[in-house]
Amino acid sequence: MLTDVCHVSQHCRNVVRYEEEADGITREVLIGIRSTFITPFDRGDIKDLITSLDDAIDEMQKTAKAIVRFELTTFEPDMRTMADAIVRMSRLALRSVAPGSYANATDAARVVCLIWAPMRTCVGRKGSSNQLG
């Protein structure tokens, strides 16, 4: 989305559509854990996970709506860096849940690095208004 500024509004519409699809999946999962006698994982863990995933895509939708509302067509390098890290983490997550695969310590370490690197870059600069503390 951040690299294809000519089609930002279309990308934002896609995010809204994906969020609506995700809401349907969330409903199905929550109904499923209530109606299934035996689950492979703890019901509370499943509920917490699906709720976290739903919250994440809700935030993506809010961001997409803000991009459209404020007619953003250019994005700062820090924004692009963070977006790139999110895409890479998403690919790692998808790979770890693909049939026949599993998450391992190496993938977990990659996710931590992907989270930390852009934050360190964006937050750690002198004079940055985004510094923690």
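Structure values in brief
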quantity	calculated
Residue identified as assigned by TED's automatic domain parsing to the domain that holds V8, among the polar types (S, T, N, Q) and without any contact (Cβ under 8 Å) to a residue 24 or more places away in the chain among T51, T36	T36
Qualifying residue in the stretch 18-33 (condition: of a type in the set (K, R), surrounded by 11 or more Cβ atoms within 10 Å (Cβ to Cβ) and over 18 Å from the mean Cα position of the chain (by Cα))	yes
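The values are calculated or read from the model by the stated rules, or taken from the named source; none is laboratory data. Note that the structure is a prediction, hence the values are computed from the model and not measured. Heads up, the Cβs are rebuilt from the backbone with ideal geometry, glycines too, and the neighbour counts pull from every protein chain shown.
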